[in-house]
Amino acid sequence: MKEQLIYFLNSTKKRTFEYNKAVDGLRQLLWGLFKKIVIADNSAQIANEIFNNSTEYSGSTLVLGAVFFTFQIYGDFSGYSDMAIGISRLFGFKLKQNFAAPYFSRDIAEFWRRWHISLSTWFRDYLYIPLGGSRGKTYMKVRNTFIIFITSGFWHGANWTFIVWGALNALYFLPLLLQKKNKIHSDVVAQGKLLPNLKEFYQISKTFSLTLIAWIFFRADNIGHAWSFLKTIFSKSLFTFPHFSEKDLAVNTSILIIIFLIVEWLGRENQYAIEKLGLNKNRSIRWLFYLMIIISLFWFTGQEQQFIYFQF
């Protein structure tokens, strides 16, 4: 209660316009728009086509469909967060970072510290810790882990797909917790380096793959749909060349995602990817970069998609 009162008093104090904060807010707003309009909406067109007609596609195509959904949900969730945080900064309010390059995590515990931080923190503070957290006997640790992840799944909707998604993440998390390895990756991967080493690259790839499998359950219409999707992926058709009904869109979106990943990687140590990108360059180069993003918002705009989070 005391913290809430202090926050209220601070939020009602007189605020003055600060140019640097406003520019920073606009920069984050711009990046959030890019994530939503260019990455999420284009990825959604392909992901929806593949998931809605999954029986017509090969395993290789379904894998790419899951990848597109993986970036759809990240661009959508983190995009709206960046927009909200950026707009808030324009009015003098500083909100906490909500996504911290989660797809560069080295294990699932690190992923959940970086994914939707506000929600994960709420579940940790108001559910996991009151239940006893990671203290107590082994059965209590297992119980608490499943409770928090299954509750997170149920929070997203009354569908068995969300429950299985939560349980699957609990299974991913448990070995780390029981071996007391759930907090070993508290720093940014390859901090201060341009590229990760082979071990880090393997860890990132493994975590991304596990997360992708879980997202299939999150996106599927029902459990049967998810199992059918996975069965096709792990069939011989996985080794065939993928095909799309909209090949040009798939190729263009893939290129955009690669560019997006490069920018996110370069800015992974910041509050958002382009927070400091190019600030050491002259103004004309910086503005050229911002102009390119603005042009891409119009040139590569996808079919308008409702924010995924609006349904939760």
Taking segment 260-312 only, how many residues are closer than 24 Å to Ala190 by Cβ and either at pLDDT below 85 or within 16 Å of the chain's Cα centre (by Cα) (or both)? 18
Total residues in segment 247-287, condition surrounded by fewer than 14 Cβ atoms within 10 Å (Cβ to Cβ) and assigned to a loop (DSSP other than H, G, I, E, B): 4
Hey, Phe201 hits all of (1) of a type in the set (A, V, I, L, M, F, W, C); (2) surrounded by 14 or more Cβ atoms within 10 Å (Cβ to Cβ); (3) over 22 Å from the mean Cα position of the chain (by Cα) but one; which does it fall short on? (3)
Ser58 passes all but one of the listed conditions (1) polar (S, T, N, Q); (2) surrounded by fewer than 22 Cβ atoms within 10 Å (Cβ to Cβ); (3) touching a residue at least 24 places away in the same chain (Cβ under 8 Å); (4) within 22 Å of Asn270 (Cα to Cα); the exception is number (4)
Those helices (runs of 4 or more DSSP H) completely within segment 89-194 that have 1 or more residues that are without any contact (Cβ under 8 Å) to a residue 12 or more places away in the chain and on the phi > 0 side of the Ramachandran plot are none
When you scan segment 246-269, how many residues do you find that are more than 16 Å from Thr61 (Cβ to Cβ) and among the small types (Gly, Ala, Ser)? 1
Before we move on, is Thr121 of a type in the set (S, T, N, Q) and more than 30 Å from Ile262 (Cα to Cα)? no
Any residue in segment 284-300 that's over 17 Å from Thr253 (Cα atoms): show its pairings with residues that are of a type outside the set (Val, Ile, Thr) at Cβ separation under 8 Å, as long as the two are six or more apart or on different chains. Ile285/Gly278; Arg286/Gly278; Arg286/Leu279; Phe289/Leu277; Phe289/Gly278; Tyr290/Arg27; Tyr290/Leu30
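The values are calculated or read from the model by the stated rules, or taken from the named source; none is laboratory data. Quantities reported herein were computed from a predicted structural model and do not represent experimental measurements. Virtual Cβ from ideal backbone geometry, glycine too; neighbours counted across all protein chains shown.
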